[in-house]
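Taken together, the values in this text are just the output of simple stated rules run on the coordinates, not laboratory data. Only a predicted model underlies this, so the values are computations on that prediction, with no experimental measurement involved. Every residue, glycine as well, gets a Cβ built from its backbone with ideal geometry; the counts of neighbours run over all protein chains shown.
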Amino acid sequence: MSKPVKQMIVKEYRKRFEGVEGAVVVEIRGMDASATNKMRTDFARKSVKVAVVKNALARSAFKGHALEGLGEHFTGPTAIVYSRDSVIDLARDLVKWSKGIESFTFKAAILEGIVFEGVAGVHKLSKMPTRAEAQSNVVTLVLSPARNLMGAVKGPGGRVMGIVKEVQSRLEKGEAITAKAG
């Protein structure tokens, strides 16, 4: 391949992966064409793309890019599975989809510069909370003390209010109110 062609491919990779913050690198060696097409079709519905790349050219294109940490995993037949959305959701979907497909191999994934290596790494990533889930957990933690405080204040206050209403009711009926000594 001539140098100008390689430069064009590197430029295309930079353009294609611009703004991509996380991805999963897989090996699809041994998958037949129908399985590969089914994978692409299934994930295209979720705005997920699968790109088979030339390893050396991808390493060159990703220098200084968010995906640079994946460079050492570009060996053999390599495909990058990526989305503009959450890489954690992507990893979850890939783990589910790959069950029962022996020829599908996880090489690595990257999220915010952290590389998750191999099958174990991608499975670990798939079990992490997404940004929205983490924010929800934080909001719940922040609000729970206030919720507990309101419950504590409301509980005794509700009992006192019940006593006040009972006293008011008896006074309106003209009944005498007596205090019990404990």
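For the range 1-97, applying the loop criterion from DSSP together with a ceiling of 11 other beta carbons within 10 Å to the GluC sites (Glu not before Pro) yields GLU18.
The residue list GLY30, VAL164, ALA44 was ranked by how far each Cα lies along the charge dipole of the chain toward its positive end, using unit charges on Cβ atoms, and ALA44 comes out on top. Applied to the range 41-55, the Karplus parametrisation 6.51 cos²θ - 1.76 cosθ + 1.60 on θ = phi - 60° returns per-residue 3J(HN,Hα) values of 5, 4, 7, 4, 4, 9, 6, 9, 10, 10, 10, 7, 10, 7, 4 Hz, with x for Gly and Pro.
Over the chain, the hull volume per residue, using the convex hull of the C-alpha atoms, is 215 Å³. Only lysines eight or more places from LYS3 in sequence, or on another chain, were considered; those with a Cα closer than 22 Å are LYS11, LYS15, LYS54, LYS63. The string of couplings for the range 84-101 from the Karplus curve (6.51, -1.76, 1.60, θ = phi - 60°) is 7, 8, 5, 6, 5, 4, 4, 4, 4, 5, 5, 4, 4, 5, 7, 4, x, 9 Hz, one whole number per residue in order, with x for Gly and Pro. Helical runs (DSSP H, four residues minimum) scored at -39500 (n - 2.57) apiece and divided by the length of the chain put the mean residue ellipticity at 222 nm at -17500 deg cm²/dmol.
Relative to the globular-protein estimate of 2.2 N^0.38 Å, the Cα radius of gyration of the range 64-120 stands at 1.12.
Overall dimensions of the range 41-139, expressed as equivalent-ellipsoid semi-axes from the Cα gyration tensor (√(5λ), whole Å, largest first), are 22, 17, 13.
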